[in-house]
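Structure record follows, encoded as structure tokens.
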Amino acid sequence: MFKNSTLLITGGSGSWGMELTQQFLKNHSPKQVRIYSRGEAAQVRMRRLLHDDPRLRFIVGDVRDLDRLKQACRGVDYVFHLAALKHVPVCEENPYEAVRTNVIGTQNVIDASIRSGVKKVIDVSSDKAASPLNLYGTTKSVGEKLFISANMLSSETTFICIRAGNVLGTMGSVVPLFRSQILRSNLLTITDESMTRFFMNLDQVVTLVLDACREAVGGEIFVLEMPAMKIGDLAEVMQQNLGNATTTKKIIGKRPGEKVHEILVSRDESERTYVKGKYFVILPMIKIPAVESSYDPSKLKPVPFEEFSSNNTRILNHAEIKTMLDNEHWLSKKRLPQDDILPEEILQDPFKVEGWTKKK
């Protein structure tokens with residue numbers, strides 16, 4: 001599908017973009033992968049880690065800038081929209097900035113893609129978009145609706161959404177935070193031990209994105225059926241494997257906008273959600289010809305729930321959490337390339353940092 005194609009990834013220099021880019025370069029023989037982001041240092045790091053692959057093109061730009069996006073989209077076949085302000089408290093404290101990036105920026109991606117005749121555009125959304133409590137979730141929900149309705153604007157460009165849970169170990173997330181706290185200060189800060197969160201790894205995210213790109217007709221939201229874990233259990237496993245007898249935990253309370261449990265499919269959505277292999281597909285509320293001709297509800301399997309919440313799915317036990325963390329080396333005490341520290345000296349040498357043991 002992507003052979004000899006030109007791909008654009010907005011927000012492409014982050015953890016998700018890095019994994020997606022690596023899989024494209026390794027397995028799909030694209031003509032070019034364009035990384036569009038506003039993080040110069042992250043682009044430099046990514047360029048070095050991927051050994052200056054000649055199929056890569058790095059573009060410094062912001063999704064708020066429609067003219068720059070139009071330039072970036074010229075000659076592009078597929079767009080993967082990952083760019084967002086994603087930290088819940090940051091969005092609560094800077095609401096208009098969240099709207100400018102997550103809502104206006106998403107509309108800019110739509111407009112630039114239509115103008116350039118892009119074949120398919122995939123929006124990577126969040127579990128926080130379902131029954132949103134915080135501003136981040138609200139902006140992602142609006143972004144989904146913009147993408148779904150965009151299918152009525154062009155017969156050449158197809159718009160698809162995927163909705164993901166928390167991705168293990170992404171930049172600024174809870175796993176690298178807990179790891180850094182334990183190894184540097186021997187202290188864990190936990191908002192609420194009873195919190196549950198959906199978790200998936202980067203490989204699962206990429207598979208979801210690519211499957212949705214292949215199978216969707218435009219207007220659907222694809223959701224992966226996934227397990228969840230208690231944040232208290234995650235903290236215990238990391239403390240047992242990285243800490244010692246003096247490691248302490250401190251309960252600091254919920255941050256602004258945080259839920260105790262997350263939702264991937266809401267009660268209102270479940271009545272138009274169906275099972276499609278290992279995925280759930282949420283059909284749109286508005287009438288989209290391609291969806292109506294491709295999905296016959298009488299022949300589809302309804303989902304077996306009223307709501308798909310991190311509190312009513314399978315909860316991972318300690319052994320399963322440990323395996324999940326071990327598989328990506330988050331329980332190693334050695335310095336890891338994926339550790340969330342990016343000063344200039346680490347861009348030069350990813351293992352050169354005081355207090356860490358160089359990986360052999």
Excluding residues fewer than 8 positions from K70 in its own chain, the lysines with Cα under 18 Å of it are K119, K120
As straight-line cross-link partners of K3, the qualifying aspartates and glutamates (C-alpha separation under 15 Å, not fewer than 8 residues apart within one chain) are D77
For 40-53, 211-224, ranked highest to lowest by mean beta-carbon neighbours within 10 Å, the order is 211-224, 40-53
The FRET efficiency for R55 and Q107, from their Cβ-Cβ distance with R0 = 22 Å and rounded to 0.05, is 0.15
Restricting to aspartates and glutamates and to Cα separations under 12 Å from K145, and discarding same-chain partners fewer than 8 apart, the set is D123, E220
Here the stretch 91-101 yields Karplus 3J(HN,Hα) values (6.51, -1.76, 1.60; θ = phi - 60°; whole Hz; Gly and Pro given as x) of 5, 5, 7, 10, x, 5, 5, 5, 5, 4, 7
Set K230/K299; K254/K301; K128/K230; K86/K254, cut-off 27 Å on Cα-Cα distance; pairs above it are K230/K299; K254/K301
Placing each pseudo-label 7 Å from Cα in the direction of the beta carbon, R255 and R214 end up separated by a distance in nanometres of 3.6 nm
Simple SL model, points at 7 angstrom along Cα→Cβ for N241 and A290; separation in nm is 4.1 nm
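Every number here is computed from the coordinates shown, using simple stated rules; none is lab data. Source: prediction; values computed, not measured. Glycine gets a Cβ as well: all are built from the backbone with ideal geometry, and neighbour counts include every protein chain shown.
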